[in-house]
Structure formats: C-alpha cells, structure tokens
Amino acid sequence: MTRQVRVQVKSRYATNADRGFPVKERSFTAFDFLIAAFLNIGTFGTRADCRSGAKAPEFYTLPVEFIRKHHDKSSTWEKVRLGRLDIESYKNERGFELIAEALGIPYPAGR
C-alpha cells in the first residue's frame, strides 16, 4: 500500500519577519502538514546592511490540526501567527520526523 502525505510550504525570507503567514481556512483540506520556512537571509526595513541579520534557516512542520487551532480568520488575510507560540517540537528534523511517521518510515538505524 502506498501512503501519501500532502505538504504545503509557506516561506518568509526576512530574519525579522513577524513569524506569521496567510492560510485560508478553505485550504485546510488540501494539506496534512504545512511547513513554515523561515529563510532568515537578513534584516529588512532598517538602515543597516540587511545581511548583518542573516542566520541559519528554520523549518517548522505543522500538522493541519495545529493550523486549525491557531488560525486567525478575523481579517481577510486569515493568518497563523507563530511568534508567541512554543513550536520547538516542530522545528527542523523533529518536524520532518512527523512526516516520516505519517508515512510509516522508521528512523534509520545505525549499523
């Protein structure tokens, strides 16, 4: 049996982005996970060289249930704001592992 997982990706390039992204409620049935990719290429909107704020990219793999819970549809943008949420358990490899688990792929064992 072939398993399928649908993934949507939202990205922000600025290190000083507000950690929010738009996602319409009607799209919730189109994905199982949403990956918020913060590319952190620099700080924008200041007089300093934007590259001075560059840092390593961060990826957060968020299950659709998380998106439903934290979705703010009070504006036409319908955003999810991550800035004040504890999302460390979804970060980078820990988050990617959620997709592997949904696909039934065990973590590779060393030899």
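A short reminder: the numbers here are calculations on the coordinates, not readings from a lab. Computed from a prediction, not measured in an experiment: that's the story for all the values here. Glycine gets a Cβ as well: all are built from the backbone with ideal geometry, and neighbour counts include every protein chain shown.
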Which of (i) 15.6, 46; (ii) 15.9, 55; (iii) 15.8, 61 gives Rg and Dmax of the Cα atoms in Å as computed here? It is (ii)
Taking the Cα-to-Cβ direction at S52 and at A37 and moving 7 Å from each Cα, how far apart do the two end points lie in nm?
-> 2.8
So, counting K/R as plus one and D/E as minus one, what does the shell of residues with Cβ under 14 Å around G42 add up to?
-> +3
With θ set to phi - 60°, apply the Karplus curve 6.51 cos²θ - 1.76 cosθ + 1.60 along the range 85-102 and write out the HN-Hα couplings as whole Hz, x wherever there is a Gly or Pro.
-> 9, 7, 10, 4, 6, 9, 7, 6, 4, 4, x, 4, 5, 4, 5, 4, 4, 5
Contour minus Cα-Cα distance for H70 and F44 (0.36 nm per residue) = 6.7 nm
Please give the length that would be gained between S89 and V5 if that part of the chain were fully extended, namely 0.36 nm times their separation in residues minus their C-alpha to C-alpha distance (nm, one decimal).
-> 28.3 nm
Antiparallel DSSP bridges in the range 7-103: what percent, to the nearest 5?
-> 65
Where a Cα-Cα gap under 26 Å defines reach, which lysines qualify for K24, not counting those fewer than 8 residues away within the same chain?
-> K10, K69, K73, K79, K91
Along the range 18-34, what does the Karplus equation 6.51 cos²θ - 1.76 cosθ + 1.60 (θ = phi - 60°) give for ³J(HN,Hα), rounded to whole Hz, x for Gly and Pro?
-> 6, 6, x, 8, x, 7, 6, 4, 5, 8, 4, 7, 8, 8, 9, 9, 10
